[in-house]
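Undergrad: This is the structure I want to talk about, given as structure tokens.
The values are calculated or read from the model by the stated rules, or taken from the named source; none is laboratory data. All of these numbers come straight from a predicted model, not from anything done at the bench. Note that we place each Cβ from the backbone using ideal geometry, even for glycine, and neighbour counts take in every protein chain shown.
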Amino acid sequence: MKTQLQQSIHDETFDTDQDSPRAAEAERELPGATQPQHLTADGKGERLDPGRAWITALIGLFMVPGLIAVAAADRVSVQGGNYSAAVTLFFAGLLTIFAPAAVRALTRNVTRQERFALIITVGLALYAVKIIGSPHAFTFIDEYIHLRNTQNILATHHLFGLNPLLPAAAYYPGLGAACAGLVDLTGLSPFVSGLIIIGAARLLICACLFLITEKVTRSSIVAAGACLIYAANPMFLFWSSSFSYENLALPLAAFVIWWIWRTRAETSRLTIIITVIAVAAVILTHHVSAFALSALLGAWWLGEQLFKRSDPGRHRIGAMALLAGSTSLAWFFLVARPAEAYLFGENILPALQQIGAVLSGQARPRHPYSAAGGTGDPVWYVLAGFAALVLIVLALLPALYRGCRIAFGWGRDRTDGRRAINAPLIIAMVMAAAFPVSQLLRITTDGDTIAARSSEYLFTGLGCVLALLADQAVQSKRLVAGLRAVLAAGVITVVLIGSATIGTPYLGLLPGASDPHGYPLLVQPDVIKASEWARAHLGINQVFAVGLIDSQALATYGDQDTISYNAWPIFLSSTMSHSVVAAIKTQKVRYVFVDWRMTQGVPVTPGNYYFSPWEPGAGTYTQPLPAATLQKFATTDCASLVYNAGLIQIFDVSRIENGSCLPGPATPASSGQVTS
Amino acid sequence: MNMRRQAPLVGTILAASLTMITPLTAEVPRVTLGILIVFFLPGFAATCAVLDARRLSLNDRLLASLGISLGTTVCAAVLLAALPIGLTRASLSVALGGVTVIVALYALFRMRSAMASTMNTEIGPTGPGPIIEED
């Protein structure tokens, strides 16, 4: 029985290589592939139909009011207006950007080129949402990490400068070096250069994902659907738009896959050299992306080895898998040594331990789908996350069944008696099936981070498989197909909204108020000002004990060597006890950066901590820090106040650090807030 | 016709050379050339050298140019920063510009060889062959 996807191919044109006899021959050899169909009688071909291009242009223009709504929501939030109303306006803007384009991209009577243009436009428009939220400077935690990397390279012209925010990041210098290079060549600021690089990477991943999925499924509707579903992963809206190494490496990895596929029939050595360069770029930029690329190439090679009769391109895939795997492991274990402790010691092992504790009943499970650990998220926000997951899981089973029919060629025996096997689609199905399993990690705090970050990878396969249903839905009579396209687009839009609530805390959705109440989620202007003062008056590379949020500004704007993760023993005690003195001495802390907002509110960062996930109150704070914990620095004779402006103070504790002054008997400090 | 096909490559060579040899102080040309050399020119030259233009769609060409250029920039920047020479404006512009010019020249050479080969096939080494009339 002929499947509907096969039928759809008669209505779709997908093969960009149709002018290439060699490429067309390679295509015909692909297991599971059906014969490409070219321009059809009703004009639904590869090229943009000038008669209908205005619709695409109109939808592109329709995104502008959506972006204006997002900008208005951000402005309301910054000015301290009604946050709930601003969030509603923000989601209305997202709907306006995404939904019309999704409907059009999934509509049957649309050219392939139009779908491609829509996907690129949607990807860039969603990137613009992030830029509108922070138009003047980097504001996300990871962005400061890579800004520090870039600054180090710009200052020294060399690699591996100390990065106090994340030492492992210095050993994956791809993004920092590329950004520093762009700064050198253009004279633009690191911020603008970073935005351009991540924007280019966003374009790259949207285009590559579309073209790869199109090759795998041989349908541009599935390709468009897969990209739309990928855009609905929890990290896409903000995290994947940030200036972070993964957001350059993952698009480059997608490019490697597309390039190998596109040139598998080429024999030129330069093709191989280009592939090696692209693989090296991924390895030099991000560890997990490099491992994921190696695994994907290995699985692809294995799939073709098992299911395919003969193809010389298969050997190249195997060689690249071997090269990528061995080189990324060698770099990880021999060069980027701090990365091992970061990845395993700080992320994977704690998550596994927490899961073990929850499963054995020693710990209570975390509330899943509450992005900020349950702090301050309204009920509807949490329910939206659940709704997105339920929709995905409900659609996954029939999608996997349909994927099996296509991938294994059920009911589609070829004339030679062999069944056509589509190995890449099987890989996509395995990734899709792994998604529900990955969500189990969300019952723990550390596991939640891993589950969230893994969605960037798993949604590539998940999108491909779920989009098979979208393709099936629109294969009917014109009116019904149109209604079904609207329905499919609506479901994906709901997943987009729900995923946004999973990936971002409610209070982090919009930029913070210029005068926030409580402990802020992002770096505040007065902290930046203090950091710049420290750089100018204390010199660079001084060791500071500081809270996690403030450390981002102090390490970049101030160019200081900050200690945040291990700073909690210095801050959380109410007196200048022996443990405080010992912590100052062992960590060689010269200055303490005090932010009195710690005494005004509990942290709303994921994990709910001021300094590190290992501090005693992490995840359980219901009250802010007592004022005495910070006041103790003002009451000891061994610390001198060197900066005092509003809520920010800097204390010089170098006499404690060098042992020339020992704080007297511990006395509880009097409470009180410092004024400028 | 030949000139029209070669013009983008010649333009690539000129732009890459300009990036290398001119200490640009004006902002607009500096930013324009900087962005081109990081995001487009090396990949465009490499794509022309590797793949036959007639078999590439515009999407493929642009995508390959962007991806290869980004990959090349990352590798070149990291390599320079790892070497004693260091990552500076001069070193990176020479590295990226030099690679672009060399690959573009190779692409031009390939293109001319392919054209000559096509002409030889069509006309033959000593002109048109004998006309064989069908019965």
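Undergrad: Could you say which residue among A:290, A:223, A:265, A:231 is touching a residue at least 12 places away in the same chain (Cβ under 8 Å) and either surrounded by fewer than 24 Cβ atoms within 10 Å (Cβ to Cβ) or aromatic (Phe, Trp, Tyr) (or both)?
TA: Only one candidate passes the filter, namely A:265.
Undergrad: I'd like to verify a number: residues in the range A:621-652 that are under 36 Å from the mean Cα position of the chain (by Cα) and surrounded by fewer than 17 Cβ atoms within 10 Å (Cβ to Cβ), how many?
TA: So the answer is 5.
Undergrad: Another question, then. Residue A:283 is checked against (1) under 24 Å from residue B:55 (Cα atoms); (2) hydrophobic (A, V, I, L, M, F, W, C); (3) buried (at least 22 other Cβ atoms within 10 Å of the Cβ) and fails just one. What number does that condition carry?
TA: (1) is the only condition that residue A:283 fails.
Undergrad: Residue A:254: under 30 Å from residue A:109 (Cα atoms), within 14 Å of chain B (Cβ to nearest Cβ) and part of a helix (DSSP H, G or I), yes or no?
TA: Here the answer is yes, as residue A:254 does meet what is asked.
Undergrad: Would you check if residue A:542 is in contact with a helix residue (DSSP H, G or I) (Cβ under 8 Å, 6 or more places away or on another chain) and surrounded by fewer than 24 Cβ atoms within 10 Å (Cβ to Cβ)?
TA: Here the answer is yes, as residue A:542 does meet what is asked.
Undergrad: Please work out which one of (1) more than 10 Å from chain B (Cβ to nearest Cβ); (2) closer than 30 Å to residue A:484 by Cβ; (3) buried (at least 24 other Cβ atoms within 10 Å of the Cβ) is the condition residue A:241 fails and give its number.
TA: (2)
Undergrad: What are the pairs with Cβ atoms under 6 angstrom where one residue, in the range A:538-563, is farther than 16 Å from residue A:149 by Cβ and in contact (Cβ under 8 Å) with a residue 40 or more places away in the chain and the other, located anywhere, is among the polar types (S, T, N, Q) and surrounded by fewer than 22 Cβ atoms within 10 Å (Cβ to Cβ)? Sequence gap at least six, or different chains.
TA: A:563/A:587
Undergrad: Wholly within the range A:565-666, which helices (runs of 4 or more DSSP H) include no fewer than the required count, namely at least 1 residues that are more than 30 Å from residue A:354 (Cα to Cα)?
TA: A:578-586, A:628-635, A:654-657
Undergrad: For the range A:137-144, state whether one or more residues are under 15 Å from residue A:286 (Cα atoms), at pLDDT below 90 and not assigned by TED's automatic domain parsing to the domain that holds residue A:611.
TA: Within the range A:137-144, one or more residues are under 15 Å from residue A:286 (Cα atoms), at pLDDT below 90 and not assigned by TED's automatic domain parsing to the domain that holds residue A:611.
Undergrad: Continuing with the same structure: Restricting to the range A:330-353, name every residue that is farther than 30 Å from residue B:82 by Cβ and in contact with a Leu (Cβ under 9 Å, 6 or more places away or on another chain).
TA: Once the filter is applied, which keeps residues that are farther than 30 Å from residue B:82 by Cβ and in contact with a Leu (Cβ under 9 Å, 6 or more places away or on another chain), the range A:330-353 yields only A:351.
Undergrad: Right, another one. Buried (at least 24 other Cβ atoms within 10 Å of the Cβ), under 12 Å from the mean Cα position of the chain (by Cα) and more than 7 Å from chain A (Cβ to nearest Cβ): which single residue out of B:108, B:96 fits that description?
TA: None of the other options fit; the residue is B:96.
Undergrad: On the given criteria, is residue A:170 surrounded by 23 or more Cβ atoms within 10 Å (Cβ to Cβ) and facing chain B (nearest Cβ under 7 Å)?
TA: No.
Undergrad: If I filter the range B:48-66 for residues that are of a type outside the set (A, V, I, L, M), modelled with pLDDT under 95 and closer than 14 Å to residue A:270 by Cβ, do I get at least one hit?
TA: Yes - at least one qualifying residue is present in the range B:48-66.
Undergrad: While we're looking at this one, here's another question. Mind telling me which of the residues B:40, B:109 ends up being aromatic (Phe, Trp, Tyr) and either under 30 Å from residue A:285 (Cα atoms) or modelled with pLDDT of 95 or more (or both)?
TA: Going through B:40, B:109 in turn, the sole match is B:40.
Undergrad: Additional query: Among the residues of the range B:8-51, which ones are away from chain A (no Cβ under 12 Å), over 12 Å from residue B:101 (Cα atoms) and under 9 Å from the mean Cα position of the chain (by Cα)?
TA: Scanning the range B:8-51 gives a single hit, B:8.
Here's the yes/no breakdown for (1) hydroxyl-bearing (Ser, Thr, Tyr); (2) more than 26 Å from the chain's Cα centre (by Cα); (3) within 26 Å of residue A:585 (Cβ to Cβ); (4) surrounded by 18 or more Cβ atoms within 10 Å (Cβ to Cβ):
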site: A:474; (1), (2), (3), (4): no, yes, no, yes
site: A:487; (1), (2), (3), (4): no, yes, no, no
site: A:493; (1), (2), (3), (4): yes, no, no, yes
site: A:521; (1), (2), (3), (4): no, no, no, yes
site: A:531; (1), (2), (3), (4): yes, yes, yes, yes
site: A:537; (1), (2), (3), (4): no, yes, yes, no
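Undergrad: Since residue A:561 meets every condition but one in (1) touching a strand residue (DSSP E or B) at 6+ places or on another chain (Cβ under 6 Å); (2) at positive phi; (3) among the charged types (D, E, K, R), which condition does it not meet?
TA: Only one criterion in (1) touching a strand residue (DSSP E or B) at 6+ places or on another chain (Cβ under 6 Å); (2) at positive phi; (3) among the charged types (D, E, K, R) is unmet by residue A:561, namely (2).
Undergrad: A further question follows. Scan A:555, A:582, A:567, A:618 and give me the residue that is over 32 Å from the mean Cα position of the chain (by Cα) and aliphatic (A, V, I, L, M).
TA: None of the others qualify; the one that does is A:582.
Undergrad: Only one residue in A:555, A:567 is modelled with pLDDT under 90, closer than 20 Å to residue A:167 by Cβ and not aromatic (Phe, Trp, Tyr), so which one is that?
TA: Only one candidate passes the filter, namely A:567.
Undergrad: Which condition number in (1) over 24 Å from the mean Cα position of the chain (by Cα); (2) modelled with pLDDT of 80 or more is the one that residue A:363 fails?
TA: (2)
Undergrad: If you take the residues in the range A:183-204 that are hydroxyl-bearing (Ser, Thr, Tyr) and closer than 19 Å to residue A:139 by Cβ, which one is farthest from the other protein chains (Cβ to nearest Cβ)?
TA: Out of the qualifying residues, it is A:189.
Undergrad: Taking into account only those residues within the range A:266-287 that are in a loop (DSSP other than H, G, I, E, B) and more than 9 Å from chain B (Cβ to nearest Cβ), which is modelled with the highest pLDDT?
TA: A:286
Undergrad: Moving on to the next point. Does the range A:239-282 hold any residues that are aliphatic (A, V, I, L, M) and under 22 Å from residue A:163 (Cβ atoms), and which are they?
TA: Selection gives A:248, A:249, A:250, A:252, A:280, A:281, A:282.
To keep it simple, each residue is scored yes or no on (1) assigned to a helix (DSSP H, G or I); (2) on the phi > 0 side of the Ramachandran plot; (3) not β-branched (Val, Ile, Thr).
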| residue | (1), (2), (3) |
| --- | --- |
| A:468 | yes, no, yes |
| A:486 | yes, no, no |
| A:492 | yes, no, no |
| A:511 | no, no, yes |
| A:518 | no, yes, yes |
| A:544 | no, no, yes |
